[in-house]
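Every number in this text was worked out from the coordinates using simple rules, so none of it is lab data. Worth saying up front: this structure is predicted, and the values here are computed from it rather than measured. For neighbour counting, all protein chains shown are included, and Cβ atoms are generated from backbone atoms with ideal geometry for every residue, glycine included.
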Amino acid sequence: MSAEADGLDIPVVWSEDCLLHEPGGEVWLGVQDAGTEVPERATVILRALRDAGAPVLPASRHAIADLHSVHHPDLVAHLASIWADWEAGGYVSEYGRDRVVPYVFPTAAMLAGLPARVPAATHGRVGLYCYDTMTLIGPGSWEAIRAAADAALTAAELIATGYTATYALCRPPGHHAGPDGYGGSCYLNNAALAAEALRQAGASRVAVIDIDAHHGNGTQAVFYARPDVYYGSVHVDPGAGWFPHYMGFAAERGSGPGAGANRNLPVAPGTGDDRWLAAVARLCQDVQRHGAEAIVLSLGTDAAIADPESPLQVTAAGYRAAGELIGGLGPVTAVQEGGYHLPTLGEYVLATLAGLQSGQAAP
Ligand SMILES: [Zn+2]
């Protein structure tokens, strides 16, 4: 029986506050473009899932301290206060800078072995936390960032109440955000927060499967040295010239006690359903070997054929098949990551969740 015919039962955890983030585009290679991480992404997904019959549940507000399970308190405090500091500093009114954009970054080359101090100037301080120029902050950004984290935490907590699958409609996305820093249109790592919540709810081992078209460098960084949370990702090969460029390679397998609990399966630009699904199946085998009792699915649909942000060529049927494979592994909290082609975005997310539901129903 298809979930499309019977209706989607997976609850969608959502907060209207996720619409408040209007990054105002991105500065890419020195030029401010319109950008693709727009509020309409969330509204088209919500409409598609509602039309399929999915119940929509409100994200519940969590304490700031709950965000510290994954992120350094300094990063969280910075995200919460930087817009107010920016406005108070006259960057908008006096200098016409209507979004927070860093301009100097304390790279290893700049620091030359010295510790990174916290700069006195607000415009200097931004580069301490943000690692690129395309992840802008504006007036409603923090409200949305926090609401997205709330959605992920709520969706994970619902698993402990008996749901076998939940979906957090997070915006902004999160998998490029690490313990101490943000970038890649991500600020807090929603999927990592969900994985930690599942651990704290009693799952001794958790797996994050990341099917966004890009490597989730932030999630990898959070769990790289840990054996209890597996991270596995299929993504367009950074070695072929794709973001995040510096990591996401197959040789990155985890460190120390986490050795072996990290798997990157980069695929070539142009990869379609067959090879992409073979990679997803391999990640599922890993998860079974790892013994995860709960799964977080970093659900980016930017591997879609029409998506403007990646050269992968996966169909909606491919995403549905991935959902079926992952649904067979155990309870799943799906967390929205990327996906930018507004005309087909809802269809792809629905296909994946329908696949999850059908994979869990299978004997
Ligand atoms: Zn992506």
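What is region 214-278 by shape, rounded, prolate or oblate, if you read a ≥ b ≥ c off the alpha carbon gyration tensor as root eigenvalues and call it rounded for a/c under 1.5, prolate for a/b larger than b/c, and oblate otherwise? In terms of gyration-tensor shape, prolate. Only Cα pairs under 8 Å and at least 6 apart count here; give the relative contact order of the chain as a rounded whole percent. It rounds to 18 percent for the chain.
The angle between the Cα long axis of helix 273-290 and the longest principal axis of the Cα atoms of the chain comes to about 90 degrees, rounded to the nearest 10.
Computed over the chain, the P(r) tail beyond 25 angstrom holds 49 percent of alpha carbon pairs. All other residues whose Cβ lies under 12 angstrom from that of HIS341 are scored, Lys and Arg at +1 and Asp and Glu at -1, for a net of -4. Angle check, please: helix 342-361 long axis (alpha carbons) against the longest principal axis of the chain (alpha carbons), in degrees 0 to 90, nearest 10. So the helix axis and the longest Cα principal axis differ by about 50 degrees.
Based only on other Cβ atoms within 10 Å, what is the fewest-to-most ordering of HIS245, HIS215? Working shown, then result.
Numbers: HIS245 11, HIS215 30.
Ordered by Cβ neighbours within 10 Å, fewest first: HIS245, HIS215.
Amide H to amide H distances under 5 Å link CYS130 with TYR182, where only residues 5 or more positions off or on other chains count and H is placed in the peptide plane. Ordering 30-38, 137-145, 261-269, 172-180 by mean Cβ neighbour count within 10 Å, with the highest value first, yields 172-180, 137-145, 261-269, 30-38. Taking the Cβ-Cβ separation of ALA109 and ASP51 as r and a Förster radius of 45 Å, what is the calculated FRET efficiency to the nearest 0.05? My answer for the efficiency is 0.30.
Quickly rank 156-164, 251-259 as a protection proxy: mean count of other C-beta atoms within 10 Å, highest first. Spell out each step's value before the answer.
Numbers: 156-164: 17.4, 251-259: 13.0.
For the peptides 156-164, 251-259, the packing ranking is 156-164, 251-259.
Once backbone amide H atoms are built at 1.01 Å from N, LEU8 has GLY53, ALA54 as its partners under 5 Å, excluding neighbours fewer than 5 places away on the same chain. The listed peptides 295-304, 9-18, ordered by packing as a protection proxy, come out as 295-304, 9-18 (highest mean of other Cβ atoms within 10 Å first).
Each part gets one Cα centre, and for region 41-94 versus region 250-304 those centres are 27 Å apart.
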